[in-house]
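Colleague: If you scroll down you'll find the structure; I have some questions about it.
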Amino acid sequence: MDLKNKSLIQIHIAVLFFGLSGLFGKLVSLPSLVIVFGRVIFASIFLLIVLLYKKEKIKLNDKKDYFYFIILGLILAIHWVSFFLSIQLSTVAIGLLTFSTFPVFVTFIEPVFFKNKIKAKNIIIAFITFLGIVLVIPDLTFENSMTQGAIMGVIAGFTFAILSVLNKKYVNEYKSLVISFYQCSVATIVLFPFVLLVNPSFEVEDILLLSVLGIVFTGISHTLFISGLKN
């Protein structure tokens with residue numbers, strides 16, 4: 001199997017996991033902020049163990065890269081909070097459909113970083129995509145929870161598009177495990193003060209679900225997705 005097909009399979013598996021992770025927004029009876037915090041803390045621990053086991057270099061090559069990775073971690077935190085909030089406000093279907101706008105945003109963001117030309121057909125596809133979002137929302141008013149959920153889903157798509165483009169910028173310089181570890185670790189640190197304000201109470205079932213969400217649907221899936229971007 002050539003590298004391109006292998007990378008495509010990795011991305012397909014990752015996107016499948018991203019979709020399945022949306023179910024946790026309904027299964028776990030916790031605020032979206034707390035779900036994401038649980039997700040990234042378990043992912044960070046899992047990725048650190050894997051990095052230490054494989055004896056991978058964790059230190060970054062350039063000091064300025066630490067700043068960029070902090071930005072990436074912050075964007076990741078915003079993305080996942082908005083994603084789960086979208087599902088909790090509306091439905092899993094609307095949350096996933098609106099999040100799936102991220103390739104449209106990539107079409108317009110990628111030329112900024114890689115000097116690609118925007119094609120007319122992509123503008124038409126973007127228009128059709130957003131028209132489709134309008135059609136799946138039953139009542140297009142800002143007071144409606146479905147509309148609010150759809151807006152949060154689009155924000156999740158937009159932030160994931162930025163994340164995908166920036167990850168592609170670094171994937172040839174660093175291992176996907178290292179990139180995932182830094183992003184999840186920064187997201188954990190960023191969300192920690194907000195979780196203290198919420199002061200959540202956890203059931204054993206919640207912790208088990210969050211551990212699965214963090215290890216399988218975050219640590220593994222996010223690493224697969226970043227690895228797939230390389231080719």
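Colleague: What number of residues in the stretch 185-197 are out of contact with any Leu (no Cβ under 9 Å at 6 or more places or on another chain) and either of a type outside the set (A, V, I, L, M, F, W, C) or crowded, with 20+ Cβ neighbours inside 10 Å (or both)?
Modeller: 2
Colleague: Within the stretch 108-165, restricting attention to residues that are aliphatic (A, V, I, L, M) and not in a helix (DSSP H, G or I), which residue is nearest to Ser227 (Cα to Cα)?
Modeller: Residues of the stretch 108-165 that are aliphatic (A, V, I, L, M), as a first pass: 109, 112, 118, 120, 123-126, 128, 131, 133-137, 140, 146, 150-152, 154-156, 161-163, 165.
So of that shortlist, the ones also not in a helix (DSSP H, G or I) come out as 118, 137, 140.
Values: Ile118: 25, Ile137: 34, Leu140: 38 Å.
Within the stretch 108-165, the match that is nearest to Ser227 (Cα to Cα) is Ile118.
Colleague: Which residue is farthest from Gly95 (Cα to Cα), if the candidates are limited to the stretch 1-13 and must be hydrophobic (A, V, I, L, M, F, W, C) and assigned to a helix (DSSP H, G or I)?
Modeller: Looking only at the stretch 1-13, we keep the residues that are hydrophobic (A, V, I, L, M, F, W, C), and these are 1, 3, 8-9, 11, 13.
Now narrow it down to the ones that are assigned to a helix (DSSP H, G or I): 3, 8-9, 11, 13.
Values: Leu3: 32, Leu8: 24, Ile9: 24, Ile11: 20, Ile13: 19 Å.
The qualifying residue farthest from Gly95 (Cα to Cα) is Leu3.
Colleague: Here is a follow-up. Restricting the first residue to the stretch 1-30 and requiring it to be within 15 Å of Ser227 (Cβ to Cβ), which pairs with a second residue that is assigned to a loop (DSSP other than H, G, I, E, B) meet a Cβ separation below 7 Å and a spacing of at least six or different chains?
Modeller: Leu3/Asn231; Lys4/Asn231; Ser7/Lys230; Ser7/Asn231
Colleague: Tell me which of these Met152 doesn't satisfy, since it passes every other one: (1) crowded, with 19+ Cβ neighbours inside 10 Å; (2) at pLDDT below 90; (3) over 17 Å from Val15 (Cα atoms).
Modeller: (2)
Colleague: If you go through the stretch 114-125 one residue at a time, do you hit one that is surrounded by 12 or more Cβ atoms within 10 Å (Cβ to Cβ) and under 21 Å from the mean Cα position of the chain (by Cα)?
Modeller: Taking every residue of the stretch 114-125 in turn, none turns out to be surrounded by 12 or more Cβ atoms within 10 Å (Cβ to Cβ) and under 21 Å from the mean Cα position of the chain (by Cα).
Colleague: Of all residues in the stretch 201-229, count the ones that are more than 13 Å from Val28 (Cβ to Cβ) and either surrounded by fewer than 15 Cβ atoms within 10 Å (Cβ to Cβ) or among the small types (Gly, Ala, Ser) (or both).
Modeller: Let us first name the residues in the stretch 201-229 that are more than 13 Å from Val28 (Cβ to Cβ), namely 215-216, 218-229.
Within this subset, residues satisfying the condition of being either surrounded by fewer than 15 Cβ atoms within 10 Å (Cβ to Cβ) or among the small types (Gly, Ala, Ser) (or both) are 219, 221, 227-228.
Of the residues in that region, 4 qualify.
Colleague: Follow-up. Suppose we filter Glu173, Glu143 for residues that are within 20 Å of Ser32 (Cα to Cα) and among the charged types (D, E, K, R); which single one remains? Steps first, answer last, please.
Modeller: On the way: Glu173 fails: within 20 Å of Ser32 (Cα to Cα).
Going through Glu173, Glu143 in turn, just one is within 20 Å of Ser32 (Cα to Cα) and among the charged types (D, E, K, R): Glu143.
Colleague: Of a type outside the set (Gly, Ala, Ser) and either in contact (Cβ under 8 Å) with a residue 12 or more places away in the chain or in contact with a Phe, Trp or Tyr (Cβ under 8 Å, 6 or more places away or on another chain) (or both), is that true of Leu85? Walk me through it before giving the result.
Modeller: Values: of a type outside the set (Gly, Ala, Ser): yes; either in contact (Cβ under 8 Å) with a residue 12 or more places away in the chain or in contact with a Phe, Trp or Tyr (Cβ under 8 Å, 6 or more places away or on another chain) (or both): yes.
Yes, satisfied.
Colleague: Search the stretch 181-199 for residues that are under 19 Å from Val171 (Cα atoms) and pair each with any residue that is polar (S, T, N, Q) and part of a helix (DSSP H, G or I) when their beta-carbon atoms are under 6 Å apart and the residues are at least 6 apart or on different chains.
Modeller: Here the result reads Cys184/Ser44; Ser185/Ser44, each pair linking the stretch 181-199 to a residue that is polar (S, T, N, Q) and part of a helix (DSSP H, G or I).
Colleague: Find the helices (runs of 4 or more DSSP H) located wholly in the stretch 14-89 whose residues include 3 or more that are crowded, with 17+ Cβ neighbours inside 10 Å, and list them.
Modeller: Details: elements: 24-27, 32-53, 63-89.
It comes to 32-53, 63-89.
Colleague: Continuing with this model, one more query. From Leu140, Leu210, Leu135, Leu229, grab the single residue that is under 20 Å from the mean Cα position of the chain (by Cα), modelled with pLDDT under 85 and at negative phi. Lay out the reasoning, then the answer.
Modeller: On the way: Leu140 fails: under 20 Å from the mean Cα position of the chain (by Cα); Leu210 fails: modelled with pLDDT under 85; Leu135 fails: under 20 Å from the mean Cα position of the chain (by Cα).
Residue meeting the stated conditions: Leu229.
Colleague: Hey, another quick one. From the list Tyr182, Tyr174, exactly one residue is outside any helix (DSSP H, G or I) and surrounded by 15 or more Cβ atoms within 10 Å (Cβ to Cβ). Which is it?
Modeller: On the way: Tyr182 fails: outside any helix (DSSP H, G or I).
Tyr174 is the lone residue from the list that is outside any helix (DSSP H, G or I) and surrounded by 15 or more Cβ atoms within 10 Å (Cβ to Cβ).
The values are calculated or read from the model by the stated rules, or taken from the named source; none is laboratory data. Just so you know, these numbers come straight off a predicted model, no measurement behind them. Cβ sites come from the backbone with ideal geometry, for glycine too, and all protein chains shown count toward neighbours.
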